[in-house]
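> Can you read through this structure? Questions will come right after.
The values are calculated or read from the model by the stated rules, or taken from the named source; none is laboratory data. A quick note: this is a predicted structure, and the numbers were derived from the prediction, not measured. Note: ideal-geometry Cβ built from the backbone for every residue, glycine included; neighbour counts use all protein chains shown.
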Amino acid sequence: MCKLPAMQSSELKRAAARAALDELVVGAVLGVGSGSTVDVFVDQLATLASPPAALVCASERTAARARSQGLRVRELNEVLAGGESIPIYVDGADEIDSQLRMIKGGGAALTREKIVAAASGHFVCIADVSKCVERLGAFPLPIEVVPMARELVARRVRALGGEPRLRDGGLTDNGNEILDVRGLDLSRPEQVEAHIEQWPGVVAAGLFAVHGADTAIIAAPDGVERRKATGARG
Ligand code: 5RP
C-alpha cells in the first residue's frame with residue numbers, strides 16, 4: 001500500500017466519491033458506510049438536486065453527518081419491514097485487492113457495515129489508490145468482540161499466528177471492543193473470515209472476502225477507474 005500526501009489523498013477521495021454519484025438509483029433508499037471517504041460522499045449527496053429518498057447509515061457518525069446536511073436517515077429494520085429495497089451500498093475500505101476483497105473496520109464500524117452491505121443489492125467501494133494491495137494483510141485486521149470474550153478471542157488469534165491488540169478509543173456503536181490483529185496469513189481471506197466469524201464472542205471480522213465489493217471506484221492522480229468483480233471470488 002503506497003502512502004499519499006494528505007492533500008492529494010483528500011482530492012482523490014473527493015474524486016472517487018463524485019464518481020459514485022453515477023451509481024445512484026433515483027428515488028431509492030441508499031446504504032452508506034463510514035469513514036472519511038464516506039463523509040465526503042455524504043457531503044456531495046447533500047448538494048444534489050434530487051438526493052436519495054433516505055440513507056441507511058452504518059455508523060452513528062455517518063448518520064449524524066447526513067442529518068446535519070439535511071439528508072433523511074432511516075433505520076434498516078424500518079426500511080426492510082416496509083418491504084423496501086436498498087439497491088446500492090457505498091462505502092470505503094482500508095485495503096482492497098484485485099478481486100475486490102477488502103479489509104474494513106479502521107473506523108470501528110465493520111459490523112454495521114457488513115449488515116447494511118448484506119441488506120443491499122450492490123456494493124460500491126470508493127477509495128483512493130493507496131488502498132489497493134496485491135495481498136490483504138498489511139493493515140491490521142479489526143475484529144469486533146463482545147468484551148467478555150476478548151481474551152478468549154485473543155488466545156485463538158495467537159494460535160493462528162496473529163498478534164492481537166486491543167484498540168484504544170472506547171467501544172463501538174454496538175457497545176463492543178475491537179481487537180486489531182497483525183501477522184495473520186490472509187492468503188485465503190474467505191477461509192479466514194468464515195473461520196474467525198464462527199468463534200463465540202466474535203461479532204464480525206473486518207474481512208469482506210466471502211462477499212466483497214461488486215464495483216470499486218479507485219481514484220488515482222491520473223484518473224478515476226471503475227473495476228467490476230469478476231465473480232471469481234470464494
Ligand atoms: C470504517 C471503515 C472505512 O471504510 C475504512 O476505515 C476507510 O476509511 P477512510 O475512508 O477514512 O479511509 O471500514 O469502519
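> Count, please, the residues in the stretch 129-153 that happen to be in a helix (DSSP H, G or I), without any contact (Cβ under 8 Å) to a residue 60 or more places away in the chain and buried (at least 19 other Cβ atoms within 10 Å of the Cβ). Give the steps one after another, and end with the answer.
Filtering the stretch 129-153 for residues in a helix (DSSP H, G or I) gives 129-131, 147-153.
Now narrow it down to the ones that are without any contact (Cβ under 8 Å) to a residue 60 or more places away in the chain: 147-153.
Adding the requirement that they be buried (at least 19 other Cβ atoms within 10 Å of the Cβ) leaves 153.
Selection size over the stretch 129-153: 1.
> Tell me, which residue of the stretch 29-56 that is within 12 Å of the ligand (Cβ to nearest atom) and among the hydrophobic types (A, V, I, L, M, F, W, C) is surrounded by the fewest Cβ atoms within 10 Å (Cβ to Cβ)?
Step one: list which residues in the stretch 29-56 are within 12 Å of the ligand (Cβ to nearest atom), which gives 32-42.
Imposing the further condition that a residue be among the hydrophobic types (A, V, I, L, M, F, W, C) reduces the set to 32, 38, 40-42.
Values: Val32: 30, Val38: 28, Val40: 20, Phe41: 26, Val42: 25.
Here the answer is Val40.
> Suppose the filter is modelled with pLDDT of 95 or more and within 15 Å of the ligand (Cβ to nearest atom); does Val124 pass it? Walk me through how you get there before you give the answer.
Working: modelled with pLDDT of 95 or more: yes; within 15 Å of the ligand (Cβ to nearest atom): yes.
When the stated conditions are applied, Val124 passes them.
> Do you know which residues across the stretch 5-25 are under 18 Å from Ala66 (Cβ atoms) and either more than 14 Å from the ligand (Cβ to nearest atom) or modelled with pLDDT under 95 (or both)? Spell out how you get there, then give the answer.
Start the filter on the stretch 5-25 by keeping residues that are under 18 Å from Ala66 (Cβ atoms), which leaves 13-14, 17-18, 20-21, 23-25.
Once the filter is applied, which keeps residues that are under 18 Å from Ala66 (Cβ atoms) and either more than 14 Å from the ligand (Cβ to nearest atom) or modelled with pLDDT under 95 (or both), the stretch 5-25 yields Arg18, Leu21, Glu23, Leu24, Val25.
> Another question, if that's okay. Being among the β-branched types (Val, Ile, Thr), within 13 Å of the ligand (Cβ to nearest atom) and touching a Gly at 6+ places or on another chain (Cβ under 6 Å) is the filter here; which residues of the stretch 127-151 pass it?
To start, the set of residues in the stretch 127-151 that are among the β-branched types (Val, Ile, Thr) comprises 129, 133, 143, 145-146.
Next cut, within 13 Å of the ligand (Cβ to nearest atom) only: 129, 143.
Once the filter is applied, which keeps residues that are among the β-branched types (Val, Ile, Thr), within 13 Å of the ligand (Cβ to nearest atom) and touching a Gly at 6+ places or on another chain (Cβ under 6 Å), the stretch 127-151 yields nothing.
> Next question, about the same structure. Among the residues of the stretch 185-234, write down those that are assigned to a strand (DSSP E or B) and closer than 14 Å to Gly105 by Cβ. I'd like the intermediate steps shown before the answer.
Keep residues of the stretch 185-234 that are assigned to a strand (DSSP E or B), which gives 202-205, 207-208, 215-220, 223-228.
Result: Val202, Val203, Ala204, Ala205, Leu207, Phe208.
> If we keep just the residues of the stretch 54-85 that are in a helix (DSSP H, G or I) and among the acidic types (Asp, Glu), which is farthest from Val26 (Cα to Cα)?
Step one: list which residues in the stretch 54-85 are in a helix (DSSP H, G or I), which gives 60-68, 76-81.
Adding the requirement that they be among the acidic types (Asp, Glu) leaves 60, 78.
Numbers: Glu60: 25, Glu78: 20 Å.
The residue in question is Glu60.
> Sticking with this structure for a sec: Here's a check for you: in the stretch 57-78, which residue that is surrounded by fewer than 18 Cβ atoms within 10 Å (Cβ to Cβ) and free of Cβ contacts under 8 Å to residues at least 24 places away in the same chain is nearest to Ala127 (Cα to Cα)?
Ala64
> Could you check how many residues of the stretch 101-128 are of a type outside the set (A, V, I, L, M), surrounded by 19 or more Cβ atoms within 10 Å (Cβ to Cβ) and within 20 Å of Ala219 (Cα to Cα)?
Residues of the stretch 101-128 that are of a type outside the set (A, V, I, L, M), as a first pass: 101, 104-107, 111-114, 120-123, 125, 128.
Now restrict to residues that are surrounded by 19 or more Cβ atoms within 10 Å (Cβ to Cβ): 101, 104-107, 111-114, 120, 123, 125, 128.
When the remaining residues are screened for being within 20 Å of Ala219 (Cα to Cα), the result is 101, 104, 106, 123, 125, 128.
Count: 6.
> Taking Val90 as meeting all but one of (1) under 14 Å from Ser36 (Cα atoms); (2) hydrophobic (A, V, I, L, M, F, W, C); (3) surrounded by fewer than 24 Cβ atoms within 10 Å (Cβ to Cβ), write down the number of the exception.
Going through the list (1) under 14 Å from Ser36 (Cα atoms); (2) hydrophobic (A, V, I, L, M, F, W, C); (3) surrounded by fewer than 24 Cβ atoms within 10 Å (Cβ to Cβ), Val90 breaks only (3).
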